[in-house]
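Notes for the one structure printed next.
What follows is calculated from the coordinates using simple rules that are stated; it is not laboratory data. Quick caveat, the model's predicted, so the values are computed rather than measured. Every residue, glycine among them, receives a Cβ derived from its backbone with ideal geometry; neighbour counts consider all protein chains shown.
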Ligand SMILES: [Zn+2]
């Protein structure tokens, strides 16, 4: 990527270094958003990470409800009813990379053949929101370390569950973002229906190249996520 005032590099040699860098970077990112130039690439030790605040033109971010109105979306982070307890998104809109969107539509096809559908809670997440989650929770078991970035920041992860043909959510092992042992994607569950619904979602997603996260039944990474860059494009600026 060409160095520009919209690009920063974040080192990841150690967590403490990452935290220090992350706190200074948010200032730089803020500066970029008001068009105050800075040196472009902030060079750090180690194989740094680049974060772009420009919407990608290659494999662009698309809004899920526009791309496939059959898929239900509940943008949890646009409300205060989430694990952070504050409104994290200024608009109630959910985006994902175009290539992952095509696959998500095929998952919906598969589910509709069984009288079911997808309910999406989150997909693309600006890097600054991952940073905010880290500042509040600060536990790598629960939130992504911003010095590494999240697959959500790449627009290549989706958090979702199942609904029936009428749009009613199916019972799942836990609530979304419930950080408990039963949230593990392979947790043994006392109620067979919960395991059946969870496994049905995991199988439908896997068939189209989405891999479930072992610690969260609702989180899926699209194959090829590592080829997409980290983004800090504000949701309210996306078309
Ligand atoms: Zn997730």
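What does a probe at residue 81 reach in the range 147-164, counting residues whose amide N is under 20 Å from the point 7 Å along Cα→Cβ? Taking a point 7 Å out along Cα→Cβ of residue 81, the residues of the range 147-164 whose backbone N falls under 20 Å are 159-164. Maximal additional length on extending the residue 190-residue 237 stretch stands at 12.4 nm, based on 0.36 nm per residue less the C-alpha distance. Spatially, the range 195-210 and the range 103-173 are offset by 13 Å when compared through their Cα centroids. Using 0.36 nm per residue and subtracting the Cα-Cα separation, the extra length available between residue 91 and residue 142 on full extension is 16.0 nm. When the square roots of the Cα gyration tensor eigenvalues are ordered a ≥ b ≥ c, the ratio a/c for the range 97-239 is 1.5 or more and a/b does not exceed b/c, which makes its shape oblate.
Estimated at 0.36 nm per residue, the fully extended path between residue 98 and residue 180 surpasses their Cα-Cα distance by 26.3 nm. Here the calculated FRET efficiency for residue 54 and residue 227, from their Cβ-Cβ distance with R0 = 22 Å, stands at 0.80, rounded to the nearest 0.05. How would the range 51-99 be classified by its alpha-carbon gyration tensor: rounded, prolate or oblate, with rounded meaning a/c under 1.5 and the a/b versus b/c comparison settling the rest? Oblate shape, in that a/c is at least 1.5 and b/c is the bigger or equal ratio.
This ranking places 96, 202 by how few other beta-carbon atoms lie within 10 Å of each, fewest first, which gives 202, 96.
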